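The values are calculated or read from the model by the stated rules, or taken from the named source; none is laboratory data. Just so it is clear, the structure is predicted and the values come from calculations on it, not from any experiment. All Cβ positions, even for glycine, are placed from backbone atoms using ideal geometry, and neighbour counts span all protein chains on display.
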Amino acid sequence: MGMGKWDVMKKENNSEVLKLIELTRKFVDFAETLLKTGKITQEQYQSMTENKYRFLNDMERKIIISK
C-alpha cells in the first residue's frame with residue numbers, strides 16, 4: 001500500500017511543518033490585504049487562497065485527530 005500525502009508529512013520535522021503552516025497563514029493574510037485594498041479581485045483572491053485554506057483545514061483536522 002502506498003503512502004498518503006499526510007503520511008509523508010508525518011515524517012517531516014514537526015518544526016518544519018509548523019513553519020509551513022505559519023507561512024501559509026501569512027500568505028492568506030497578505031492576499032486578504034491585497035483584496036481589501038483593491039489590488040486583486042475576489043476571483044483572484046479565491047484562486048490564490050483556495051488550496052491554502054484547504055491545507056490549513058486539513059492540517060487543523062490532523063492535529064485535532066492526532067491528539
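Of all the numbered requirements in (1) within 14 Å of the chain's Cα centre (by Cα); (2) modelled with pLDDT of 95 or more; (3) exposed (fewer than 11 other Cβ atoms within 10 Å of the Cβ), residue 47 misses one, and that requirement is (3). Taking the numbered list (1) at negative phi; (2) at pLDDT 95 or above in turn, residue 19 passes all entries but (2). For beta carbons closer than 6 Å, sequence separation of 6+ or different chains, a first residue in the range 15-34 that is within 18 Å of residue 61 (Cα to Cα) and a second that is part of a helix (DSSP H, G or I) and not hydrophobic (A, V, I, L, M, F, W, C), the qualifying pairs are 24/52.
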